[in-house]
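Comments concern the structure below.
The values are calculated or read from the model by the stated rules, or taken from the named source; none is laboratory data. These numbers come from a predicted model, not from an experiment. With ideal geometry, Cβ positions are generated from the backbone for all residues, glycine too; neighbour counts draw on all protein chains shown. Protein only, heavy atoms only, side chains kept; ligands, DNA and RNA dropped before computing areas. Shrake-Rupley method; radii C 1.70, N 1.55, O 1.52, S 1.80 Å.
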Amino acid sequence: MIPLSFYLLLAAALFCIGLYGTLARRNAIAILMGIELMLNAVNINLIAFWRYVKPAAPTMDLAGQIFALFVITLAAAEAAIGLALIIAIYRSRDTVNVEEVDLMKW
């Protein structure tokens, strides 16, 4: 069985890569991809802790899996809405560079 620390290190590395991608990029699609990586790191942590931390009650506790499903649903909604906004901005401004987009000017 793989120890919990391996999963935590993988999630931490994935989160750091996503954070760097979010903060260092100028392209809006790359920023969304960085956010998705961070959400996937959270999912790895939720499932790993669900698997390794035993509940006090003898019944099976599914809290980690339920939280992971909520995060997956949130990530799908964020991706759909984010891409729709990026497409709308691209159609009006002809760019997806977040530094060039100023919503106060038309």
Dipole moment magnitude, nearest 20 debye, the chain about Cα centre, only Lys, Arg, Asp, Glu C-beta charged: 120
Cα gyration tensor, segment 1-99 - rounded (a/c under 1.5), prolate or oblate: oblate
Anisotropy class of segment 8-55 from Cα gyration tensor, a/c 1.5 cut: prolate
Pairwise centroid distance, computed over Cα atoms, of segment 3-63 with segment 71-94, Å: 22
Whole-Hz couplings from phi, Karplus 6.51/-1.76/1.60, listed for segment 84-93; x for Gly and Pro: 4, 5, 5, 5, 5, 5, 5, 5, 8, 10
Positive-end residue, the chain charge dipole about Cα centroid, Cβ charges, pick of A41, T73, Y52: Y52
Fraction of accessible area attributable to carbon and sulfur, the chain (%, probe 1.4 Å): 73
